[in-house]
1. Mind checking which residues of region 78-106 are surrounded by fewer than 21 Cβ atoms within 10 Å (Cβ to Cβ) and under 15 Å from K407 (Cβ atoms)?
2. Please count how many residues of region 421-430 are in contact (Cβ under 8 Å) with a residue 24 or more places away in the chain, surrounded by fewer than 22 Cβ atoms within 10 Å (Cβ to Cβ) and out of contact with any helix residue (DSSP H, G or I) (no Cβ under 6 Å at 6 or more places or on another chain).
3. What's the number of the condition Y56 fails, among (1) within 31 Å of the chain's Cα centre (by Cα); (2) at pLDDT below 95?
4. Just one of the numbered conditions (1) closer than 28 Å to L476 by Cα; (2) open to solvent by less than 10 Å² (accessible area, probe 1.4 Å) is not true of V588; which one?
5. Just give me the residues in region 294-331 being in contact (Cβ under 8 Å) with a residue 60 or more places away in the chain and in a helix (DSSP H, G or I), in sequence order.
Amino acid sequence: MFGASPVLSFRTCFHFYFPSAGKFFNMSRAMVHLLGILWLCLLPLLALNVEAQIEYLKYKDPKQPVAVRVKDLLNRMTLEEKIGQMVQIDRSVANAEVMKTNFIGSVLSGGGSEPLPKATAQDWINMINEFQKGSLASRLGIPMMYGIDAVHGHNNVYNATIFPHNVGLGCTRDPDLAQRIGAATALEVRATGIPYVFAPCIAVCRDPRWGRCYESYSEDQKIVQEMTEIITGLQGDVPADYKKGFPYVGGKTKVAACAKHFVGDGGTTRGINENNTVIDWHGLLSLHMPAYSDSILKGVSTVMVSYSSWNGIKMHANRDLVTGFLKNTLKFKGFVISDWQGIDKITSPPGSNYSYSVQAAIEAGVDMVMVPFIFNEFIQDLTLLVKNNIIPMDRIDDAVQRILFVKFTMGLFENPLADYSLVNQLGSQEHRNLAREAVRKSLVLLKNGKNGSTPLLPLPKKTSKILVAGTHADNLGYQCGGWTIKWQGFTGNTDTSGTTILSAIKSTVDPSTQVVFQENPGSEFVKSNNFDYAIVVVGEPPYAETAGDSTTLTMSDPGPNIINNVCGTVKCVVVVISGRPIVMEPYVNSIDALVAAWLPGSEGQGVTDVLFGDYGFTGKLARTWFKSVDQLPMNVGDPHYDPLYPFGFGLATESVTEIVTKSTSAAVGTRAGIFTIMMTLIISLFLIG
């Protein structure tokens, strides 16, 4: 009976069994029976409740397959909760209450957005955990994921290791190095409690006038493809039997990565940031798309859409490419995220028809929107679009399924709160040593000796007196470039820790060698000091995105005067700190040695490692060095190709140790040869006599 009617009320049970209980039984006996019947009546209900509790916790059970957990959770979510997961907001507008009441899916730090100046790893963790506690207190307790730009190390964070920018890493042609940098970056990011990075940039920069060219590994898509190996460092190696296209994150020391910016961002007309890429379908597929295929095979978790357009169509509104090609053809199963206020820029001027922008982006296939401030307006507009049947619920479910799949895969439900266990990884000596290795492998030697004269490099460590000059010799901010501590970078030596090139020179030369530093020396000063040689370090100031767009590509003043004043008087090596090739042809003849150091980051000793011959130069240009900006765009294979230094160029040198070893071997060989000849003559004379 109870099995057939588990919701039978206690009163019904009681009257069924005891219609005249008050007349025939005393109170104590009735109470015993009452409790017994009450237990029998409630037992089925309790069993149902326990079963319901187990069912309710299915999405929180790590033993369940991810797909099962995603489906279970999605079925429990309201429209409001689903749309909340599609929102990413900046930390400046986030707090625990906002996270809880709006079901926000993700928070980010924009460039330079930090808990407080020079924040420690613990400061970051404490802030992020507060946001996370708000998310966990929501009805379903869905954790948020915190994201940050970590494009050359954990570059927003004080005391982090700053690796060379991608423009330099491409010159190493070393995918294994890229993977190790990815792994080190993941550790430093996790050290601050962050599980998600907006990296790597896999743009193929076809015009150095573009302000983001230093974020690109090369003008050649093959090098960019090879360097996607950084993804396996960030996320971990995908298991052999893992499903193609599905996101993968291999544990608490790894992070979710983001391939960006889909697609064609490096091919815009005249290199203008966020502009239009004019190229046919075959060109897009063969030049700008291959690295995305490679990234998906490596299990990349997310893809960020580009601000730019393809043949006039904004990428944030391009359904054919985002949904049709990326999701359907390439079978990408992670989630697609917009760029910062990316959907606003669908219209001109930006934000002029926000509701339309929301509709166009979501219909195109954008799953998570980097709002990052006006989240209430976004939530309201998207909610109305769904309720009015303009955007189907299937599209919302697809977006949320993808977001939840990444969150489950990265273990966010099991480990939503960060701890201090990895804080010592931030800026560790091991990582700084790796960055130093990356610097010396990325430097490209473009010239070594005037007109066939004796090579200037490697420089002797022990000599009388040397001059170090230039705007970039003692400036850590210039050395690191944009996207370092602040969005546009910084100037000076106090915003983070590292070793400037000047400091590296002083620690490398013999203690008896006098090092004289003067940023902008006059020619008379140089002539009167009888320097043995000079090291001149010049280049570009830091910049990011549109602020870096340039039609002239010239070095910062007074760089040209410094080169003329110094190199016209004393033997000099010029080290160029820049995010791309810049105008150098007018100065090359007066220079003894020329080194492209790109944006080497925090470890200046990587520069001196090769200048002084502790290691040889091995870097090769991953992009063409032009003679004049009038030639641009000019890439390897173009009919009008006439560069100052071609793609793939780079002089090789041996380390001092190798040179000494060869000299010694040669001397030993010569002595052995002479001995053999003498013995032969003696024996011959003896036999003749």
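1. The one that is surrounded by fewer than 21 Cβ atoms within 10 Å (Cβ to Cβ) and under 15 Å from K407 (Cβ atoms): E81.
2. 3
3. (1)
4. All conditions are met except number (2).
5. Scanning region 294-331 gives D294, S295, V322, L326.
Listed here are the residues, each with its yes/no results for (1) under 20 Å from G111 (Cα atoms); (2) open to solvent by 10 Å² or more (accessible area, probe 1.4 Å); (3) among the small types (G, A, S).
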| residue | (1), (2), (3) |
| --- | --- |
| G193 | yes, yes, yes |
| F198 | yes, no, no |
| I202 | yes, no, no |
| D220 | no, yes, no |
| V224 | no, no, no |
| P239 | no, yes, no |
| P247 | no, no, no |
| G250 | no, yes, yes |
| G271 | no, no, yes |
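Yes/no per residue for (1) open to solvent by 50 Å² or more (accessible area, probe 1.4 Å); (2) free of Cβ contacts under 8 Å to residues at least 40 places away in the same chain; (3) not charged (D, E, K, R):
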| residue | (1), (2), (3) |
| --- | --- |
| M410 | no, no, yes |
| R432 | no, no, no |
| S442 | no, no, yes |
| N448 | no, no, yes |
| T454 | yes, yes, yes |
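One line per residue, one yes/no per condition, for (1) basic (K, R); (2) in a loop (DSSP other than H, G, I, E, B); (3) at pLDDT 95 or above; (4) within 28 Å of Y217 (Cβ to Cβ):
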position	(1), (2), (3), (4)
N75	no, no, yes, no
I89	no, no, yes, no
S92	no, no, yes, no
P117	no, yes, yes, no
P143	no, yes, yes, no
A150	no, yes, yes, yes
N156	no, yes, yes, yes
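The values are calculated or read from the model by the stated rules, or taken from the named source; none is laboratory data. Everything numeric in this text was worked out from a predicted model, so none of it was measured. We place every Cβ from the backbone using ideal geometry, glycine too, and count neighbours over all the protein chains shown. Please note that ligands, DNA and RNA were not included when accessible areas were found on the heavy atoms of the full protein model with its side chains. Shrake-Rupley method; radii C 1.70, N 1.55, O 1.52, S 1.80 Å.
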